[in-house]
Amino acid sequence: MMDLDIRLWRQEDLPAIRELLSELVEVTHGPEPDLSLDHLTEIFGHMERFTDFYLNLVATCEGDIAGFLSIVFYRSLFHRAGTALVSELVVGRRHRDRGVGRMLIERAKEEAQSRGLDELEVSTETDNQDARTFYRRCGFDEEHVLLGMEFGSGANEE
């Protein structure tokens, strides 16, 4: 049985999270994100000041950071109590197929329910069949289409 723990992220986790995010970049489209430690540290500081809106978790397995989950909580007029959006979820290659991702999703679901929110949402690339299969197995339905418009360096160049 593997020793798996899920906890809040810490600033010293950022180098390991950076490595996980670099794996996520491999399956996404659009402009490449800034994964410099300076940028991640800046974002960490911002998110830590606004814990009503952000929750970031790491899954540790046998001392290694095996996975990372970032959630954004928001309210809207249409959804009475609000929504939790999984904005990033990545499990390191060597820790996949061991239940790490499912445990992170379960923790996200528990957190959304404890905050009294209406739903938990996630998006993924339309051609990422592995992720879509994983999310369906976790109980997500493909109930609507999310359209995106990228801004920033190179996003709108022809």
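Readers should treat all values here as calculations from the given coordinates under stated rules, not as data from a laboratory. Worth saying up front: this structure is predicted, and the values here are computed from it rather than measured. Cβ sites come from the backbone with ideal geometry, for glycine too, and all protein chains shown count toward neighbours.
Things to note:
- Any pair with Cβ under 7 angstrom, 6 or more apart, that starts in segment 18-39 at a residue that is over 23 Å from Arg94 (Cβ atoms) and ends at one that is assigned to a helix (DSSP H, G or I) and of a type outside the set (A, V, I, L, M, F, W, C): none
- Inter-residue pairs, beta-carbon under 7 Å, first aliphatic (A, V, I, L, M) and in segment 125-149, second outside any helix (DSSP H, G or I), 6+ apart: Ala131/Thr124; Leu146/Ser123
- Gly30 being touching a Leu at 6+ places or on another chain (Cβ under 9 Å) and not in a helix (DSSP H, G or I): no
- Number of residues in segment 33-56 that are over 28 Å from Thr126 (Cβ atoms) and part of a helix (DSSP H, G or I): the value is 9.
- Residues of segment 32-75 classified as under 22 Å from Glu150 (Cβ atoms) and of a type in the set (Ser, Thr, Tyr), total: 4
- Filter result for Glu12 (surrounded by fewer than 12 Cβ atoms within 10 Å (Cβ to Cβ) and in a loop (DSSP other than H, G, I, E, B)): no
- Taking each residue of segment 81-92 that is in contact (Cβ under 8 Å) with a residue 24 or more places away in the chain and at positive phi and looking for partners that are aromatic (Phe, Trp, Tyr) and surrounded by 17 or more Cβ atoms within 10 Å (Cβ to Cβ) with beta-carbon atoms closer than 7 Å, six or more apart or interchain, yields Gly82/Phe73.
- Within segment 77-94, considering residues that are out of contact with any helix residue (DSSP H, G or I) (no Cβ under 8 Å at 6 or more places or on another chain) and closer than 21 Å to Pro15 by Cβ, the one surrounded by the fewest Cβ atoms within 10 Å (Cβ to Cβ): Arg94
For (1) in contact with a Ser or Thr (Cβ under 6 Å, 6 or more places away or on another chain); (2) over 25 Å from Gly92 (Cβ atoms); (3) crowded, with 19+ Cβ neighbours inside 10 Å, each residue gets a yes or a no:
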position: Thr41; (1), (2), (3): no, no, no
position: Met47; (1), (2), (3): no, no, no
position: Tyr54; (1), (2), (3): no, no, no
position: Val58; (1), (2), (3): no, no, yes
position: Leu69; (1), (2), (3): no, no, yes
position: Arg75; (1), (2), (3): no, yes, no
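- In this entry, Glu62 is excluded by the filter for residues that are over 14 Å from the mean Cα position of the chain (by Cα) and free of Cβ contacts under 8 Å to residues at least 24 places away in the same chain.
- Failed item, numbered, when Ser114 is tested on (1) without any contact (Cβ under 8 Å) to a residue 24 or more places away in the chain; (2) crowded, with 16+ Cβ neighbours inside 10 Å; (3) within 17 Å of Phe53 (Cα to Cα): (2)
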